[in-house]
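The values are calculated or read from the model by the stated rules, or taken from the named source; none is laboratory data. Note that the coordinates shown come from a computational prediction; the quantities given were computed from them, not determined experimentally. Using ideal geometry, Cβ is built from the backbone for each residue, glycine included, and neighbour counts are taken over all protein chains shown. The accessibility values were calculated without ligands, DNA or RNA, using every heavy atom of the protein model including side chains. Shrake-Rupley method; radii C 1.70, N 1.55, O 1.52, S 1.80 Å.
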Amino acid sequence: MAGKDNFPDPADDIRYMAAAIRLSLRHQGLTGENPSVGSIVVQSDADGPRIVGRGVTALGGRPHAELQALNEAGEAAKGATVYATLEPCSHIGKAPPCADAIVSAGAARVVIATLDPDGRVAGRGVSILEKAGIAVTTGCLEAVARRAMAGFLSLKGRGRPHVTVKLAISADGMIGCAGAGQVAITGSIARTAVQMMRIEHEAILVGVNTVVEDDPLLTVRLDGLESRSPTRVVVDPFARTPISSKLFANSQKYPVLVLVSEKAPARQVDRLRESGATVQSIASDYRGRFNPIELLRVLGLLGFKSILVEGGAETARRFLDADMVDRIELFSGSSIVGSEGIRSPITIEAVPSGFRETATFVFGTDRLHEYERVS
Ligand code: AOF
Ligand code: ZN
């Protein structure tokens, strides 16, 4: 921990923060409205630095990460460095503030990845620590931590969920074929990657045409992870979702939320409710179309921190046109659909401006190109 002359070694900070971020991922998506935060307490003695406490925000959101890490460290927290992926809280919730707990435990230094946009905290956590004479370093591995907490940061900071658009395109730039139902664009490994992506989001959103044409399940079908299926959201201004859709086969277990406009026929809305859907009405334009900004505002009010837009082309295009997309996951397969196909709003050659490629993955003959909005 201590480098030359007792100054902390920045490489150690990065190493321990990376460990705290990895720890935080364990409960990602399982902490309710709270972000999943990771915290590690490191004590140094003549033998060098040693991890004496670890904590991740508990399932459901409480207790917070730092309290658990300090608890494990006990007396060893005195003079230690506390790593936290989010600024320790300063508000009195169901438990006393983490910042106060760090002061009481006698820590000497706190390293934070990113500040908390929650209005009750927003810098106050750092103030409490500094006022108590604790050395505070912020911004350590900030971009990595922000990615891990993107949903929480988006909802608290911007009042809307983080939006990822996922598209699978054929070698000739198509996402499917009208009237042909589900068309295989990528192979099984890429499809498994999509299932993992679903786990990382709280809602999967599709337009009603995708439900009508493809009749998808939109659940997670990986052994042991079925219960991580997110809410299925259907954008359906006129309540046209067929009640025979596969979505309803398991709506008791995995929720279905249908977003309708005030123009939706009441009888059809009732039938959707009877089929197990939750129906939410959203203001629309005179043609019954939703503004993606309004739609995201409502999803934010319902508590959704992150959504995965899975189709179809028109729905993806509307989110892109409204500049409401934060990440694009573009799968590309080697098959050819032909000129009858539905053209993708994005291709590898034509990614909207304002995005930069952050990663490429290879799944057999398929590729996944990942782009993030440059904010
Ligand atoms: C931390 N450590 O592990 C988490 C924090 O309702 P409460 O009292 O649990 O507070 C929720 C807020 O606490 C949440 O909006 C975020 O600002 C912060 N989450 N803070 O110190 C943690 N999960
Ligand atoms: Zn806290």
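Close amide H partners of CYS177, meaning residues 5 or more places away or on another chain with modelled amide H under 5 Å apart, are VAL183, ILE342.
Relative to one another, the C-alpha centroids of segment 177-246 and segment 299-354 are positioned 14 Å apart. Rounded to the nearest 5, what % of DSSP beta bridges with both residues in the chain are antiparallel? Roughly 45 percent of the beta bridges in the chain run antiparallel, per DSSP. Anisotropy class assigned to segment 251-341 is prolate, per the alpha carbon gyration tensor with a/c at or over the 1.5 cut-off and a/b larger than b/c. Sorted largest first, the principal axis extents computed over the alpha-carbon atoms of segment 14-85 equal 41, 23, 12 Å.
Per DSSP H run of n ≥ 4, the term is -39500 (n - 2.57); total these for the chain, divide by its residue number, and report the mean residue ellipticity at 222 nm rounded to 500 deg cm²/dmol.
Computed mean residue ellipticity for the chain: -8000 deg cm²/dmol.
Between GLY61, ILE40, ASN71, the Cα set farthest toward the positive side of the dipole of segment 4-153 (charges on each charged residue's Cβ, about the Cα centre) is that of GLY61.
Its Cα gyration tensor gives the chain an equivalent ellipsoid, and the semi-axes of that ellipsoid, as √(5λ) in whole Å with the largest first, are 43, 23, 17. Relative contact order for the chain: 15 percent, from Cα pairs under 8 Å spaced at least 6 residues apart, divided by residue count. Stretching ARG50 away from LEU301 to a fully extended chain increases their span by 86.1 nm, per 0.36 nm per residue minus the current alpha-carbon distance.
Within the assembled protein chains, the solvent-accessible surface assigned to VAL309 is about 0 Å², based on a 1.4 Å probe.
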